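One structure below.
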Amino acid sequence: YFSAEESQLSPSCRVNPTSADEVAQVLNITTQFGCKFAVRSGGHMPWAGAANIDQPGVTIDLGFLNTTTLSEDKSTAHVGPGSRWGAVYSALAPEGRVVVGGRSTHVGAGGYLLGGYQMVLANGTIVEVNEQENADLFWAMHLGSTNFGIVTRYDLKTTEDTRMWGGHRFYNRSHALEAAEALLDFNEKSGDQGLDSMGFDLGSNEVFFMDYSRIKPENDTDVFQAPLSVPFVRDTTRANATLTSLIEEIDAAYPIGAHVSFRTLAFKPDAQFMIDWWQEGLRIFKPYEGNPNLNWTLIYAPMPLSMIKAAEAVDDPQGLSSKNGSLILTNLTGFWMGNLDEDDIQSKLAQLLNWGRTTAEQRGLFNQWIYLNYASPDQDPYAGIPTANAQRLRDIRQSVDPDGVFKSLWPGGFKL
């Protein structure tokens, strides 16, 4: 598991199925006896109970369903839910193929994936889910969490692998506002092809970083002009980099096995708000200043208009609208080790999120979208979606799980 919170839970037993049929058998048995259960794919969701469970529950661990194979024409990758992105990329690289996936090698393949699925429903039925078969369920799974079924295979569209330009640059805190303004410049310039991405990691450390990537061997674009003009103290950006080498750099910034907490907020781009929120964090966490066992950070991810339009084009249930312009998505994250007071840290993280939300609302910047993969247990990713989409999701859930098996016996994840 990624977090200590999940690792510390102790189920009555852990079952490791090796096929969809075995997943169906396990699900039928747990349902028959009314046994609560958890399902682990990659185990990256940090909060306790997301992918593990305490006694007397059972954890269904999909770790043995971890193969990655290509279709004969190499256009589709069949990926097991127990796979991690590093292994997926490594399996496809010798074939010159790549898929759209996570930006960390140790994150599991679960999440928002387009293409298709093989799933086990609440009654143990194994179904294929894609745009042609079970199309309503395919739509719902884009915001599915633990409401509709257990995925036993992902079918992902592949594309030609290529070398990339990218890496990290590290900066002194004195350049934080300049960096925030540069990130917004990138957000406006990023093109429709989706070749470029950036992240801005600003928190308790004396040095912050921005990560860069372009799906071309060279930086032959001006979209990074403003960010690359900010004075830096260390630079790893390079041409002809592999995807794996770039995401391994990101892995190094986020330790496995620590206590971890995620929270999220989306807002209209505003550099001064980004800096004010960070400075409020410095104030709130002043008692922990300089403590090597705690690191909190605001990870700002640009959501260019081109990305939001792409979500609109596939009728995504989240209901993102290009009419509201581009966004900045934030993952407010805390990492801590040792015997620090968890309740106090969680309270301070919640206080910082509440300040961000309240201030964003006051300044007319707030967006109600709650990104499920970054949400904390007390956030509701379904609260901010269009009413019609929420009702459609509930109707689909009723059609595939009329007895409410997953609602009553699978406590992890987010429920409709």
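The values are calculated or read from the model by the stated rules, or taken from the named source; none is laboratory data. The structure presented is a predicted model; accordingly, all values stated were derived computationally and were not measured. Because the Cβ atoms are built from the backbone with ideal geometry, glycine has one as well, and the counts that use them run over all protein chains shown. Areas reflect the complete protein model, heavy atoms only, side chains present, ligands, DNA and RNA absent. Shrake-Rupley method; radii C 1.70, N 1.55, O 1.52, S 1.80 Å.
Condition (residue is more than 19 Å from the chain's Cα centre (by Cα), surrounded by 23 or more Cβ atoms within 10 Å (Cβ to Cβ), under 29 Å from S3 (Cβ atoms) and at pLDDT below 95) applied to segment 92-113: is it met by at least one residue?
There is at least one residue in segment 92-113 that is more than 19 Å from the chain's Cα centre (by Cα), surrounded by 23 or more Cβ atoms within 10 Å (Cβ to Cβ), under 29 Å from S3 (Cβ atoms) and at pLDDT below 95.
Identify, please: which residue in segment 367-401 is among the polar types (S, T, N, Q) and assigned to a loop (DSSP other than H, G, I, E, B) and is, among those, farthest from P46 (Cα to Cα)?
So, considering only residues that are among the polar types (S, T, N, Q) and assigned to a loop (DSSP other than H, G, I, E, B), the one farthest from P46 (Cα to Cα) is Q368.
Tell me, which residue of segment 256-275 that is aromatic (F, W, Y) and over 23 Å from F335 (Cα atoms) is surrounded by the fewest Cβ atoms within 10 Å (Cβ to Cβ)?
F273
Could you list, in sequence order, all residues of segment 278-328 that are of a type in the set (G, A, S) and without any contact (Cβ under 8 Å) to a residue 40 or more places away in the chain?
G290, A311, A313, S321, S322
Which ones in segment 115-168 are open to solvent by 20 Å² or more (accessible area, probe 1.4 Å), assigned to a loop (DSSP other than H, G, I, E, B) and within 30 Å of D222 (Cα to Cα)?
If the condition is that a residue be open to solvent by 20 Å² or more (accessible area, probe 1.4 Å), assigned to a loop (DSSP other than H, G, I, E, B) and within 30 Å of D222 (Cα to Cα), then D161, T162, R163 are the ones that fit.
Regarding R214, is this residue in contact (Cβ under 8 Å) with a residue 40 or more places away in the chain, farther than 14 Å from S306 by Cβ and more than 18 Å from the chain's Cα centre (by Cα)?
yes
If the requirement is being surrounded by 14 or more Cβ atoms within 10 Å (Cβ to Cβ) and not assigned by the TED database to the domain that holds L265, which of these qualifies: D380, D403, D316, D395?
So the residue among D380, D403, D316, D395 that is surrounded by 14 or more Cβ atoms within 10 Å (Cβ to Cβ) and not assigned by the TED database to the domain that holds L265 is D380.
Any residue at all in segment 230-241 that is at pLDDT 95 or above, under 27 Å from N293 (Cα atoms), among the aromatic types (F, W, Y) and open to solvent by less than 30 Å² (accessible area, probe 1.4 Å)?
The answer is no, given that none of the residues of segment 230-241 is at pLDDT 95 or above, under 27 Å from N293 (Cα atoms), among the aromatic types (F, W, Y) and open to solvent by less than 30 Å² (accessible area, probe 1.4 Å).
Output the qualifying pairs, or none if there are none: Cβ atoms under 9 angstrom, residues six or more apart or on different chains, first residue in segment 383-394 and in contact (Cβ under 8 Å) with a residue 40 or more places away in the chain, second residue surrounded by fewer than 17 Cβ atoms within 10 Å (Cβ to Cβ) and not in a loop (DSSP other than H, G, I, E, B).
R392/D136
Examine segment 42-65 for a residue that is in a helix (DSSP H, G or I) and over 19 Å from the mean Cα position of the chain (by Cα), and state whether such a residue exists.
No, every residue in segment 42-65 fails to be in a helix (DSSP H, G or I) and over 19 Å from the mean Cα position of the chain (by Cα).
Here's the yes/no breakdown for (1) among the hydrophobic types (A, V, I, L, M, F, W, C); (2) over 30 Å from R283 (Cβ atoms); (3) open to solvent by 50 Å² or more (accessible area, probe 1.4 Å):
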| site | (1), (2), (3) |
| --- | --- |
| Q351 | no, no, yes |
| G356 | no, no, no |
| R363 | no, no, yes |
| L372 | yes, no, no |
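Condition check: at pLDDT 95 or above and not assigned by the TED database to the domain that holds Y254. Does V23 satisfy that?
So V23 fits the description; yes.
Go through segment 68-87 and report how many residues are under 21 Å from the mean Cα position of the chain (by Cα), among the hydroxyl-bearing types (S, T, Y) and open to solvent by 40 Å² or more (accessible area, probe 1.4 Å).
Residues meeting the conditions: 0.
Could you say which residue among E188, E218, E249 is open to solvent by 70 Å² or more (accessible area, probe 1.4 Å), more than 17 Å from I328 (Cβ to Cβ), modelled with pLDDT under 95 and not hydrophobic (A, V, I, L, M, F, W, C)?
The match here is E218.
Collect the residues in segment 169-205 that are farther than 25 Å from I308 by Cα and touching a Ser or Thr at 6+ places or on another chain (Cβ under 8 Å), keeping them in residue-number order.
Across segment 169-205, the qualifying residues are R169, G203, S204, N205.
Across segment 2-49, what is the total count of residues that are over 18 Å from S83 (Cβ atoms) and open to solvent by less than 50 Å² (accessible area, probe 1.4 Å)?
19
Only one of (1) under 22 Å from the mean Cα position of the chain (by Cα); (2) at pLDDT 95 or above fails for L416. Which number is that?
Exception for L416: condition (2).
For segment 66-107, which residues satisfy the criterion of being assigned to a strand (DSSP E or B) and either in contact (Cβ under 8 Å) with a residue 40 or more places away in the chain or of a type in the set (A, V, I, L, M) (or both)?
Hits for segment 66-107 are L70, T76, A77, H78, V79, R84, R97, V98.
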